Amino acid sequence: MARCPRPPAGTRSDFHLVDASDPEQAVAKVLALVRDRIPRAFGLDPVRDIQVLCPMNRGGVGARALNIELQKALNPPGEARVERFGWTYAHGDKVMQVRTITTARSTTGTSASSPASTRKPAT
């Protein structure tokens, strides 16, 4: 079995490994890191300043499942949403282009989000 790299004991590092015994536990830990722990530790905004990367699309901890759970955790309920191609989008959602479209003048890996000014004020 392969082992994940760990920094030598007693050294400071910005690399942290968070163990999880199953996909459900992994998703819960990712949500806690993004929503609570990282913003509190570093004074970051979870939507604007944090990007979650994962190596696959499918599965319990793939990009598709994580996107759904992060959207639930970080986007206020009641916001206007649009459904396209089997996905639901809301103002402020981050999107990442995963294929190069030569006519769009952007490249693979480009990320963007809708401007905060497009969010409707809470009532």
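The values are calculated or read from the model by the stated rules, or taken from the named source; none is laboratory data. Please read all numbers here as calculations on a predicted model, not as lab measurements. When we count neighbours, we look across all protein chains shown, and the Cβ atoms used for this are built from the backbone with ideal geometry, even at glycine. Keep in mind that these areas ignore ligands, DNA and RNA; they rest on the heavy atoms of the full protein, side chains included. Shrake-Rupley method; radii C 1.70, N 1.55, O 1.52, S 1.80 Å.
Tally the residues that are touching a helix residue (DSSP H, G or I) at 6+ places or on another chain (Cβ under 7 Å), open to solvent by 60 Å² or more (accessible area, probe 1.4 Å) and within 19 Å of residue 20 (Cα to Cα), restricting the search to the range 30-55.
In the first step, residues of the range 30-55 are kept if they are touching a helix residue (DSSP H, G or I) at 6+ places or on another chain (Cβ under 7 Å); the result is 30-31, 34-35, 44-47, 50, 52, 54.
Next, only the ones that are open to solvent by 60 Å² or more (accessible area, probe 1.4 Å) stay: 35, 44.
If we keep only those that are within 19 Å of residue 20 (Cα to Cα) as well, we get 35.
Adding up the residues that qualify gives 1.
Kindly provide the set of residues from the range 19-36 that are under 14 Å from the mean Cα position of the chain (by Cα) and either of a type outside the set (A, V, I, L, M, F, W, C) or over 16 Å from residue 66 (Cα atoms) (or both), ordered by number.
Let us first name the residues in the range 19-36 that are under 14 Å from the mean Cα position of the chain (by Cα), namely 26-36.
Once the filter is applied, which keeps residues that are under 14 Å from the mean Cα position of the chain (by Cα) and either of a type outside the set (A, V, I, L, M, F, W, C) or over 16 Å from residue 66 (Cα atoms) (or both), the range 19-36 yields 29, 35, 36.
Give me the pairs: first residue in the range 25-38 and β-branched (Val, Ile, Thr), second residue in a helix (DSSP H, G or I), beta-carbon distance under 6 Å, and six or more apart or on different chains, which are they?
Every condition considered, the pairs that remain are 27/69.
I'm trying to understand the selection: among the residues of the range 56-74, which are touching a residue at least 24 places away in the same chain (Cβ under 8 Å) and either under 12 Å from the mean Cα position of the chain (by Cα) or open to solvent by 80 Å² or more (accessible area, probe 1.4 Å) (or both)? Write out each step before concluding.
Step one: list which residues in the range 56-74 are touching a residue at least 24 places away in the same chain (Cβ under 8 Å), which gives 59-61, 65-66, 69-70, 73-74.
Selection gives 61, 65, 66, 69, 70, 73, 74.
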